[in-house]
Amino acid sequence: MASVTDEELKQMTQEERVTALGMRTEALTGKSLYVEFDPDAEERFTYPWAPDVDFNKRTELDTDKMTTTEVNSSIRELMREGYGTIVLKNPRGKHSLGVGILSRLNLIIEGSTGYFGVGLIDGPNVRISGRVGWSCAENMMSGTVVIEKNAGSTFGAAIRGGDLVCKGSVGSRTGIDMKGGTIIVGGDTGALSGFMMQRGRMVVCGNAGKNLGDSMYDGTIFVGGEIKSLGVDAVTAELTDLDKAWLTRKLKQYGLLPDKGVDHFTKVVAGKQLWNYDNLEPNEKKLIL
Amino acid sequence: MADGDLPQKKPLNRDVNRIGDSFIFPPRVMDDIHIKSELGRYRMRGFSLFKKIPHWDDLTFLPGTLTRFVIEGYREKCETKTVIGPRAKKPLELDIPVYITGMSFGALSYEAKTALARGATMAGTATCSGEGGMIPDERRFSSKWFYQCIQSRYGFNPNHLVLADGCEFFIGQGCKVGLGGHLMGQKVTDQVAEMRSLPAGIDQRSPARHPDWLGPDDLALKIQEIREATDWQIPIQLKLGAARVYDDVRMAVKCDPDSIYIDGMEGGTGAGPHLATEDTGVPGMAAIRQARKAIDDLGKRGEISLVYAGGIRNGADVAKAIALGADAIAIGHSAMMALNCNKDIPEANYPEEIGAEPGYCYHCHTGRCPVGVATQDPKLRERLDPDEAAERVYNFLHTLTIEAQLFARACGKTYLHSLEPEDLAALTMEASAMAGVPLAGTNHTVGVEDYHHL
């Protein structure tokens, strides 16, 4: 699958693409259905209908009088024309701006966005000069999103990959249901951040509100300031040299490395007490275990 | 007995000195208390509710005789085409009114998921991913496919969203309204864990709230986000567990989806606390009527579809749900039975393997499904032949449809969706009150002063 080039994919019919991308794993006859699909197979971040773009091809879009749908349609159209750098001017806090971009793109938003800004994305590099509303970059798969000012609640909900950075402070429930990637907050974060976190890393340079990491399955949270309280099954752990090296590199990358370094950060991980409870009954145990 | 002897009187098989049995604390309740006293927690199980509630059997059809003109049962056409989300650019058009509801890969085996997809495709209807993300072959085998956006967002991938024919927001389910999903550690294999970004072998208890919206105002914006991500092409459906149905559906309508799915308390689960299954939710016949009224009161009939699921066993149930106001029906539990759930197959030894006789198994949560449906165990999965299973699913869906047509024709309808509440009567006071149809043989609808102004 990995050996198929984008050029080859373009020449294929939809049926052939489906097969080439591993969507088709076996013939529709007999016991061949027992062949399993491979969850570890390389996942393509660029699907054949996601256009190839040229980062040097740049355009600006004044979104002042446009609806959200018009803006998002224009982004897709411009990407189809090969524009790799798109600047959105006057976003005026519109909701759902830049959602569902499943390809490489430099998206620069000059201003602030509303709810669900750049949600459901896979690949673009986004820079937002203003503030963002609730659920920015929710379910992001890959790419980078950097916000210069503050963000609302549920920042980076359920993200699975990429770097999501807010240089200011964020609301509550940051990184809720987080499944991978990295969230970096330059300022403070609110209550219940990292709630039911599953994987990935969250870095909060400032303070964290109450119930940090409540019911987290896995993943790691680093906090530079004070933690109001830890949530259920969240525990502190030793900050290793590897953690410090990673923190230093990552924070430096986004200009957020504190003058005093990263030694003062607190590391929070899952206590793993909620991983299992005795869900079988004695008669079931006898038969099953 | 020698000739001429009188037959000996049999001794009584009961203790005449016993005053009585407790209705509140029968032996099963005492057993339950004894077990919980040892366990120190609620009891988990699969299946749907066990207790009796007002159900489809409490309604009967009033077919045509002289006051209505019947349609020739086996010859004249009775259309079954069903459209979910007619306002969407690409509505979901089904050949039959029944489709397969969301059941996750994880709860069900790979073979079960793909067999459901293939059976549904053969019948011209849809399937749904359920929780835990898309398995490529389910998408491949489903000609029409809902992608579920569930609270946990396990495996949710925008690249898969754009492959969907519809997007369903899971907000709750009828058999455990207000609770998140459960998948016990026995079924969280490496493969399932990887798809869900979880550690393998843990007891997975999904969140009950969505991560990125809290109330209807946020949900309206979330729906807009999904519409933007899918270029406003596909219908968006909200799945609600039946509780405060009228108010919930009014709020759902305000969020502007294309379809609302109501799951009655009869619905099943692969794992859940026994008591939640027994003691949450509202029966389907009440839920459909309230949901229909809410949609109609807001002037959205014909714009927002109403899908019902929960306790559907045969074509009569399908027809009754449609008559009460559903536009489409989703099935889960009975589709699993078509796959072989609770069937005594030669390869299985129920008592030894699961501790229950065929027909009494509710142990989906253990991952030891004797028929290879609700398991991830490779050996057990071999017991489900996906080719034969797909055929059975198709046969069952087809049967549900022709049975439902039978009642529609008998009631004089050439289109299945022309069935209406006037085609029904209730056999019990409770059913009359809940379904809003007259008690059989009377003009009296319980709770309605003047039945002409229902």
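Centre-to-centre, using Cα atoms only, the range B:93-141 and the range A:194-225 are separated by 36 Å.
Rounded, prolate or oblate: which one fits the range B:99-234, using the alpha carbon gyration tensor with axes a ≥ b ≥ c (rounded when a/c is under 1.5, else prolate when a/b beats b/c, else oblate)? Oblate, since a/c reaches 1.5 and b/c is not below a/b. Amide H contacts of residue B:44 (H built 1.01 Å from N, in plane; Pro and chain starts excluded): B:274 sit under 5 Å, all sequence-distant by 5 or more or on other chains. The Rg/Rh ratio of the range A:53-174, with Rg taken over Cα atoms and Rh as the Kirkwood radius over Cα pairs, comes to 0.94. Karplus-derived 3J(HN,Hα) values for the range A:147-158, using 6.51 cos²θ - 1.76 cosθ + 1.60 with θ = phi - 60°, are 10, 7, 10, 8, 10, x, 6, 6, 5, x, 4, 6 Hz; glycine and proline are entered as x.
What the Cβ-Cβ distance of residue A:252 and residue A:58 gives, at R0 = 30 Å and to the nearest 0.05, is a FRET efficiency of 0.65.
Students often forget the sequence filter, so: which lysines lie under 23 Å Cα-Cα from residue B:90 once same-chain residues fewer than 8 apart are removed? Those lysines meeting the cut-off are B:81, B:144, B:222, B:239, B:254, B:300. Only helical runs count toward this figure. For chain B, summing -39,500 (n - 2.57) over DSSP H runs of n ≥ 4 and dividing by all residues gives -9000 deg cm²/dmol at 222 nm. When A:144, B:67 are compared by accessible surface with a 1.4 Å probe, the order from highest to lowest is B:67, A:144.
At a 1.4 Å probe radius, carbon and sulfur cover how many percent of the accessible area of the protein assembly as shown? Heavy-atom surface of the protein assembly as shown belonging to carbon and sulfur, 1.4 Å probe: 52 percent. For the range B:101-198, the solvent-accessible area works out to 16 Å² per residue, with a probe of 1.4 Å and every protein chain left in place. Amide H to amide H, with H built 1.01 Å from N, residue B:306 comes under 5 Å of B:260, B:327, B:328, counting only residues 5 or more places away or on other chains. A protection proxy built from the mean count of other Cβ atoms within 10 Å ranks the segments B:107-120, A:148-161, B:429-442, A:224-237, most packed first, as B:107-120, A:148-161, B:429-442, A:224-237.
Dipole of the protein assembly as shown computed with +1 at Lys/Arg Cβ and -1 at Asp/Glu Cβ about the Cα centre; of A:101, B:119, B:424, farthest Cα towards the positive end is A:101. Anisotropy class assigned to the range A:141-222 is oblate, per the alpha carbon gyration tensor with a/c at or over the 1.5 cut-off and a/b no larger than b/c. Here the protein assembly as shown is treated with +1 on each Lys and Arg Cβ and -1 on each Asp and Glu Cβ, and its dipole about the Cα centre works out to around 1280 debye.
With both labels modelled 7 Å from their Cα along Cα-to-Cβ, the residue A:235 to residue B:398 distance reads 5.9 nm. Taking every C-alpha pair closer than 8 Å and separated by at least 6 residues, the mean separation divided by the residue count of the range B:99-186 gives a relative contact order of 24 percent.
Model label points for residue B:297 and residue B:337, set 7 angstrom from Cα along the Cα-to-Cβ axis, are 3.4 nm apart. Tell me whether the range B:77-161 comes out rounded, prolate or oblate; compute the Cα gyration tensor, take square roots of the eigenvalues as a ≥ b ≥ c, and use a/c under 1.5 as the rounded threshold. Because a/c hits 1.5 or more and a/b fails to exceed b/c, the range B:77-161 counts as oblate. Considering all C-alpha pairs of the range B:286-348, those separated by over 14 Å amount to 61%. Rounded to the nearest 20, the size of the Cβ-charge dipole of chain B about its Cα centre is 340 debye, with Lys and Arg at +1 and Asp and Glu at -1. Across the alpha-carbon set of the protein assembly as shown, the Rg to Rh ratio works out to 1.01, Rh being the Kirkwood radius. Whole-Hz Karplus values for the range B:59-64 come out as 10, 9, 7, 10, x, x Hz, taken residue by residue from phi with 6.51 cos²θ - 1.76 cosθ + 1.60 and θ = phi - 60°; glycine and proline positions read x. Take the accessible area of chain B alone and of chain A alone, subtract that of the pair, and you get about 6200 Å² summed over both chains, using a 1.4 Å probe. Projected over every direction and averaged, the convex hull enclosing the alpha-carbon atoms of the range A:54-270 yields 10.5 nm².
Using a cutoff of 8 angstrom between alpha carbon atoms and counting only pairs six or more residues apart, the relative contact order for the range B:170-277 works out to 38 percent.
Distance from the alpha carbon centroid of the range B:9-46 to that of the range B:211-241 works out to 48 angstrom. Over chain B, Cα pairs under 8 Å with separation of 6+ residues give a relative contact order of 22 percent. For the range A:210-229, accessible area lost to neighbouring protein chains reaches 50 Å² or more, against the chain alone with a 1.4 Å probe, at A:217. The distance from the alpha carbon centre of the range A:107-148 to that of the range B:264-328 is 39 Å, rounded to a whole number. Between residue A:81 and residue B:214, the FRET efficiency estimated from the beta carbon spacing at R0 = 41 angstrom works out to 0.60.
Other residues with beta-carbon under 15 Å from the beta-carbon of residue A:208 carry, at +1 per Lys or Arg and -1 per Asp or Glu, a net charge of +2.
When the Cα positions of A:191, A:166, A:176 are compared along the charge dipole of the range A:154-201, A:176 comes out farthest toward the positive end, with charges on each C-beta of Lys, Arg, Asp and Glu.
The alpha-carbon of residue A:252 sits under 17 angstrom from the alpha-carbons of these lysines, leaving out residues fewer than 8 places away in its chain: A:167, A:244, A:260.
What's the whole-number percent of alpha carbon pairs in chain B lying beyond 43 angstrom? Roughly 16 percent, rounded to a whole number.
The values are calculated or read from the model by the stated rules, or taken from the named source; none is laboratory data. None of these values were measured; they are calculated from a predicted model. Glycine also receives a Cβ, built like all others from the backbone with ideal geometry; neighbour counts cover every protein chain displayed. Heads up: the accessible areas ignore ligands, DNA and RNA and are worked out on the full protein's heavy atoms, side chains in. Shrake-Rupley method; radii C 1.70, N 1.55, O 1.52, S 1.80 Å.
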